[in-house]
Amino acid sequence: MLAALSGGKPPPHPSETFPINMAGIHITDIESAINWWRERSPTDDGITACAEVRALAEVYGLMVYYREHLADEHSMPRRAHEAWLAWYRHTPDAPCIAICSTAQGDPQCKGCGRSEDEVQDWPQYTPGEKRAVWRRITMEGTAWRFNRYAERAMLIQNRHAQDEAGPGTAPQAQP
């Protein structure tokens, strides 16, 4: 089946095509994007999948086959990358909860969990780099956004979602 996905020949191992220091998209993000598209574009028969799901599923299948946890955002097939970016645009951009302790000299922000360099360089990060930071701080779970100020983080995310949706619309739940 995987050979059929790659044009009849066995696909190259990711280490042969991905650079060592790649901006990696974690397999859980690929899975979340697949589920987001499945919910957004359901099919009548419940068996077939929309083009975005099929493109992402090919990447997901190869990652599982090769036991890889990361996909290179720069060498990902165009259709899969576009489908992933559409999902990404519906996630919160920055983990900031407006309590930045790096401004007070802390090497890691107590509010969001990012390092001072990550806070400063955030606008230049690619979507894959941002998601890698999000994954790390979520897995650590020590930042105030995940405990002490979790309600504040939800309010900021809901406000952001409502601003994007426009006036008079209810915000959608964030992934």
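For Ile47, all conditions in the list (1) modelled with pLDDT under 95; (2) crowded, with 17+ Cβ neighbours inside 10 Å; (3) hydrophobic (A, V, I, L, M, F, W, C) hold save one; what is the number of the exception?
Among (1) modelled with pLDDT under 95; (2) crowded, with 17+ Cβ neighbours inside 10 Å; (3) hydrophobic (A, V, I, L, M, F, W, C), the lone unmet condition for Ile47 is (2).
I'm trying to understand the selection: among the residues of segment 130-145, which are assigned to a helix (DSSP H, G or I), of a type in the set (A, V, I, L, M, F, W, C) and in contact (Cβ under 8 Å) with a residue 12 or more places away in the chain?
Applying the first criterion (assigned to a helix (DSSP H, G or I)) to segment 130-145 yields 130-140, 144-145.
Going one step further and asking which of them are of a type in the set (A, V, I, L, M, F, W, C), we end up with 132-134, 137, 139, 144.
Ala132, Val133, Trp134, Ile137, Trp144, listed by residue number.
The rows are residues; the columns are (1) assigned to a helix (DSSP H, G or I); (2) surrounded by 15 or more Cβ atoms within 10 Å (Cβ to Cβ).
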{"residue": "Asn35", "(1), (2)": "yes, no"}
{"residue": "Glu39", "(1), (2)": "yes, no"}
{"residue": "Ala55", "(1), (2)": "yes, yes"}
{"residue": "Val64", "(1), (2)": "yes, no"}
{"residue": "His74", "(1), (2)": "no, no"}
{"residue": "Asp106", "(1), (2)": "no, no"}
{"residue": "Lys110", "(1), (2)": "no, yes"}
{"residue": "Trp122", "(1), (2)": "yes, yes"}
{"residue": "Gly128", "(1), (2)": "yes, yes"}
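Which of (1) within 17 Å of Thr126 (Cβ to Cβ); (2) modelled with pLDDT of 95 or more is the odd one out, the single condition His74 does not satisfy?
(2)
Looking at (1) of a type in the set (A, V, I, L, M); (2) farther than 30 Å from Thr142 by Cα; (3) touching a residue at least 12 places away in the same chain (Cβ under 8 Å), which is the one condition that is false for Ile47?
Against the list (1) of a type in the set (A, V, I, L, M); (2) farther than 30 Å from Thr142 by Cα; (3) touching a residue at least 12 places away in the same chain (Cβ under 8 Å), Ile47 comes up short only on (3).
The values are calculated or read from the model by the stated rules, or taken from the named source; none is laboratory data. The structure presented is a predicted model; accordingly, all values stated were derived computationally and were not measured. Note that we place each Cβ from the backbone using ideal geometry, even for glycine, and neighbour counts take in every protein chain shown.
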